[in-house]
Amino acid sequence: MPQAPSDVSQVLLPFGGLVGREVDLDAFLQTLMDRIAITLQADRGTLWLLDPARRELFSRAAHLPEVSQIRVKLGQGVAGTVAEAGHAINVPDPRGEQRFFADIDRMTGYRTTSLLAVPLRDGDGALYGVLQVLNRRGADRFTDEDTQRLTAIASQVSTALQSTSLYQELQRAKDQPQVPVGYFFNRIIGESPQLQAIYRLVRKAAPTDATVLLRGESGSGKELFARAVHVNGPRRDQPFIKVDCAALPETLIENELFGHERGAFTGADHRVPGKFEAASGGTVFIDEIGELPLPVQGKLLRVIQDREFERVGGTQAVKVDVRIVAATHRDLARMVAEGRFREDLYYRIKVVEVVLPPLRERGAEDLERLARHFVAAVARRHRLTAPRLSAAALERLKRYRWPGNVRELENCIESAVVLCEGEILEEHLPLPNLDRPAPTTGASASDASPPADPTLLPLAEVERRHILRVLDAVKGNRTAAARVLEIGRNTLARKLKEFGLGDEP
């Protein structure tokens with residue numbers, strides 16, 4: 001075992017920069033437990049968190065190779081008793097100890113010989129979890145000094161956790177106990193069966209260098225999952241470089257990816273490296289790969305196959321060591337059949353294919369967790385007091401179909417948080433009125449058959465409404481709107497022209 005740090009402050013010191021960054025929360029918590037076990041010279045450690053909906057503790061980060069998670073009722077076992085009583089418990093020998101829950105040892109096959117557990121409290125003194133260590137190495141029991149050290153560490157852990165989205169979910173659960181505590185994977189919020197299947201897939205693929213293709217509707221979180229693949233793999237400390245093919249003119253995409261040599265074109269007065277060279281040792285995320293021109297597709301295929309390319313205007317092969325993650329909202333198989341996407345490239349990028357579900361298919365609980373998370377995050381970003389989300393507003397959010405997915409939900413919540421006064425009401429939500437009949441075109445209103453469901457709109461109308469709603473949210477700034485929509489500014493201008501809005505004033 002490594003030497004234990006002499007100062008407990010060293011337990012969290014290396015992680016101060018991690019909490020506020022877009023990192024793998026699971027890896028952060030697990031590394032935290034590793035250091036706590038080393039500091040206390042314990043064989044194992046467990047971070048338990050409180051689920052108010054079920055009045056249970058669940059293991060959130062633990063040395064539990066035998067099982068994925070353990071839950072105990074409040075008052076059950078040592079950890080459950082600490083959560084109920086609110087004070088530390090040191091058990092030098094669990095034999096004959098009534099507070100010891102032996103079923104866990106029977107479940108895991110592990111033998112507990114000593115145990116120490118202390119409560120986790122937030123800034124207001126409210127208990128929200130338990131920190132526990134098992135089996136003191138080189139001694140029969142944990143000492144009173146160990147209890148003081150673990151209590152001090154628990155205070156530091158609480159400070160760190162309160163900077164994460166996990167803590168925001170725990171706080172929400174105290175006010176909404178009818179909704180169970182959600183599941184977090186990096187900064188991705190949700191525990192629907194579809195998402196949990198994707199979490200498992202990402203965990204398997206991330207430690208490898210396999211090329212990953214993410215498919216899903218615009219706004220469904222493809223970039224978040226691309227980052228999850230990166231930070232859960234061996235390249236996590238190397239660059240993560242994004243290239244958005246939809247935001248670049250065709251003439252610039254090749255230069256953006258591969259760079260150019262001096263003299264390659266007018267104005268190229270020096271060599272410029274591309275994204276692949278900038279990402280050396282790390283990951284290149286090619287967003288909207290379906291927009292990649294056919295000539296550039298061939299060059300990308302060479303990178304995937306041989307890990308080499310030539311800069312624009314160059315003749316010398318450049319070797320590169322990168323992982324490739326690609327994403328698209330398009331049907332690439334159909335594009336292959338239509339001759340618009342290379343078949344050989346298609347099969348090379350879909351080594352691991354991940355299909356993300358749209359928000360409307362993830363269920364009401366995921367939507368509520370996301371909405372409450374965005375309320376807290378937006379209020380913090382704008383330095384406002386987080387408003388209450390009324391029951392009527394929440395029900396309205398659940399009825400809507402969300403063609404723009406999670407990104408549209410976030411923009412909707414941001415508008416409501418800024419405009420409301422202490423409580424988000426239904427009228428604060430910038431959503432279309434479902435009760436208003438859709439205008440008819442061509443035939444008269446008397447001849448038109450009413451739609452069976454007024455929420456079912458043509459795709460073109462859904463796109464038009466969403467784009468106009470985003471433009472309204474960013475006060476007409478087309479550059480900002482294109483960024484939110486994750487499309488090029490030229491693409492946005494073309495769509496607005498199709499809507500009859502003409503040129504930008």
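The values are calculated or read from the model by the stated rules, or taken from the named source; none is laboratory data. Bear in mind the structure is a predicted one, so any value in this text is a computation, not a measurement. Here Cβ is always computed from backbone atoms with ideal geometry, including for glycine, and neighbour counts include all displayed protein chains. Calculation scope for accessible area: heavy atoms of the full protein, side chains included, ligands and nucleic acids excluded. Shrake-Rupley method; radii C 1.70, N 1.55, O 1.52, S 1.80 Å.
Observations
- A simple spin-label model places pseudo-atoms 7 Å from Cα toward Cβ; at Glu423 and Thr491 they are separated by 4.1 nm.
- Around the amide H of Arg401, modelled in the peptide plane, lies no amide H under 5 Å away from a residue 5 or more places distant or on another chain.
- Gain on full stretching of the segment that runs from Lys319 to Asp472 - 0.36 nm per residue minus C-alpha separation: 50.5 nm
- Amide hydrogen neighbours beyond the local backbone of Gly314, cut-off 5 Å, H modeled: Glu261
- Between the amide H of His63 and those of Gly45, distances stay under 5 Å, these residues lying 5 or more places away or on another chain, with hydrogens modeled in the peptide plane.
- Remark: spin-label model distance Ala85-Lys242 equals 5.0 nm, labels positioned 7 Å along the Cα→Cβ axis.
- Calculated FRET efficiency for the pair Glu145/Lys350, C-beta based, R₀ 51 Å, to 0.05: 0.35
- Alpha carbon centroid spacing (whole Å) that separates the stretch 39-94 from the stretch 348-376: 30 Å
- Accessible-area composition of the stretch 235-344, carbon plus sulfur, in percent [1.4 Å probe]: 45 percent
- Segment Val462-Glu343, length gained on full extension (0.36 nm per residue, minus Cα span): 39.7 nm
- Shape call, the stretch 22-128: gyration tensor on alpha carbons, a/c limit 1.5: rounded
- Three-way shape label, the stretch 224-352, alpha-carbon gyration tensor, a/c 1.5: oblate
- Listed peptides 261-270, 210-219, 490-499, 224-233 appear in the order 224-233, 210-219, 490-499, 261-270 once ranked by packing, highest mean of other Cβ atoms within 10 Å at the front.
- Within straight-line cross-link reach of Lys242, lysines at Cα separation under 17 Å, skipping those fewer than 8 residues along the same chain: Lys222, Lys275
- Over all pairs of different C-alpha atoms, the stretch 226-291 has a mean inverse distance whose reciprocal, the Kirkwood radius, equals 12.9 Å.
- FRET E, pair Ala210, Glu361, Förster distance 41 Å, beta-carbon r, rounded to 0.05: 0.95
- Couplings for the stretch 116-128, taken from phi via the Karplus curve 6.51 cos²θ - 1.76 cosθ + 1.60 with θ = phi - 60°, read 9, 9, 10, x, 9, 10, 8, x, 8, x, 7, 7, 9 Hz in order; Gly and Pro are left as x.
- Estimated FRET transfer efficiency (Ser280, Arg121; beta-carbon r; R0 45 Å; 0.05): 0.50
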